[in-house]
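The values are calculated or read from the model by the stated rules, or taken from the named source; none is laboratory data. Predicted model, so just to flag it, every value in this text is computed and none were measured. With ideal geometry, Cβ positions are generated from the backbone for all residues, glycine too; neighbour counts draw on all protein chains shown. Side chains included, ligands, DNA and RNA excluded: accessible areas come from the protein's heavy atoms. Shrake-Rupley method; radii C 1.70, N 1.55, O 1.52, S 1.80 Å.
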Amino acid sequence: TDTAGAFAAGVLLANTNFRAQIQADVLPFKGILLGIFFMDAGSLFDSDLVLAELPTVLTGAIALIVLKAVTVGLATRVPRSLEPNRLEPYDAVKLSFLLSGGGEFAFVVLALAERLEVLPKDLGGLLTAVVLITMAVTPLLGEVAEIASKAFVSYTVNQGTQIPAEEYEIAEDAIVIAGFNEVGKQILYQLGTHTARNTTERLPQIVAFDTDPMLIDKTLLPMENTAVMYGDGENPEVISAHGVHSPRAIFIAYDHHEKVMAATSRLRTIYPNTPIYTRAQTRKESIELEVAGATEVIVERDELPRSAPALLLRKRASEASSATQQTKNVELLQWRGNSNRTNA
């Protein structure tokens with residue numbers, strides 16, 4: 001069916017860096033579609049039937065939660081020889097509780113079973129009520145999952161076992177670079193060099209985002225404390241999806257002024273207190289970017305005029321140093337010549 005096909009497509013893309021971009025693109029429609037889904041699901045809830053069969057419904061809900069939690073927990077314990085990326089135990093505990101409730105596919109299966117007259121209508125309504133109740137307690141299950149996971153981590157640490165960090169987890173306050181072009185690469189290199197000397201953090205402190213298709217199925221780690229990932233850097237949801245919720249600073253390295261303007265306006269709205277640095281070709285573009293929310297704008301056409309005196313002084317200093325060195329060489333040759341005549 002179309003539903004199963006969409007689910008399969010999501011599963012196939014879940015383990016790629018394209019996941020964060022998909023989440024960001026779907027987000028505007030997510031709330032609307034979820035509202036329609038839950039409205040339709042709520043209309044299937046037969047309160048009279050639930051009250052009449054309350055012990056049966058509660059028993060079924062508890063049994064479903066326990067059975068799914070145990071099943072998911074066992075699925076995460078496959079041997080590492082079969083699944084090298086197997087979840088760590090503390091993550092497996094959290095996942096078991098989070099996924100222990102019923103899922104929306106239950107409604108698809110139950111509706112199909114009723115339509116084919118495989119299930120009696122009353123039994124189908126009873127099972128639907130069980131699934132709805134387990135879905136309703138999902139926020140509570142999330143709290144339980146968090147508590148159980150933290151308790152397991154504490155127990156493991158007390159036993160002297162090291163808890164490894166996730167492979168590509170990014171620091172929550174990492175520096176963000178939007179665009180991994182030549183300018184973005186230079187920014188990442190300079191910041192990475194500085195950060196490597198001044199931090200002992202294991203998580204990447206600098207992350208660059210780019211929509212280069214090469215990054216869809218892999219993450220680049222150019223140097224220590226840095227990472228380059230797939231995604232639209234001007235989209236705050238992409239940044240947040242990778243774990244960066246309060247960036248220390250944002251550097252916008254796009255080439256086109258329109259894209260830089262859009263990124264500055266959008267990111268400033270979500271991160272009102274975060275410094276945003278960018279560049280412009282002209283002073284007019286610089287003023288527009290400052291109005292849009294840029295903290296500081298580097299005007300490329302001003303760089304050469306601004307640097308001209310320093311370049312000229314450097315040239316003169318180089319020439320003076322060369323002349324001084326030549327004078328010293330001449331004096332040294334003269335001294336050697338006099339010394340040779342004296343010895344003769």
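His245: net charge of surrounding residues, Cβ under 10 Å, Lys/Arg +1, Asp/Glu -1, itself excluded?
Surrounding charge for His245 is -2.
Might you tell me the accessible area per residue for the range 1-113, computed with a 1.4 Å probe and given in Å²?
66
Between Ala148 and Arg266, what length in nm is gained on full extension when 0.36 nm per residue of separation is reduced by their alpha carbon distance?
Additional length available on full extension: 38.7 nm.
Hey, could you get me the Stokes-Einstein D for the range 17-95, Kirkwood radius over alpha-carbon pairs, 25 °C and 0.890 mPa s, rounded to whole µm² s⁻¹?
Estimated diffusion coefficient is 148 µm²/s.
Convert each backbone phi in the range 172-183 into a coupling constant with the Karplus relation 6.51 cos²θ - 1.76 cosθ + 1.60 (shift: θ = phi - 60°), then list the ³J(HN,Hα) values in order as whole Hz, x for Gly and Pro.
The phi angles translate into 5, 10, 5, 7, 9, 10, 8, x, 10, 7, 4, 5 Hz.
Which entries in the list Lys30/Lys185; Lys30/Lys150; Lys68/Lys150 go over 24 Å, if you measure between the two C-alpha atoms of each?
Beyond 24 Å: Lys30/Lys185; Lys30/Lys150.
Please report the carbon-and-sulfur percent of the accessible area for the range 1-55; probe 1.4 Å, protein heavy atoms only, DNA, RNA and ligands left out.
The nonpolar share, carbon plus sulfur, comes to 70 percent.
Around Pro236, under 12 Å between beta carbons, what's the net of Lys plus Arg minus Asp minus Glu among the other residues?
Here the charged neighbours net out to -1.
Using R₀ = 41 Å, calculate the FRET efficiency as 1/(1 + (r/R₀)^6) where r is the Cβ-Cβ separation of Thr16 and Lys284; round to 0.05.
That pair, Thr16 with Lys284, gives E of 0.50.
Which of the peptides 281-293, 257-269 is most tightly packed, and how do the rest follow, going by the mean number of other Cβ atoms within 10 Å of each residue?
257-269, 281-293
Once the range 87-158 is represented by equal point scatterers at the alpha-carbon sites, with solvent omitted, what log10 I(q)/I(0) does the Debye formula produce at q = 0.24 Å⁻¹?
-0.95
May I ask you to give the percent of accessible area on the range 222-288 that is carbon plus sulfur, with a probe radius of 1.4 Å?
52
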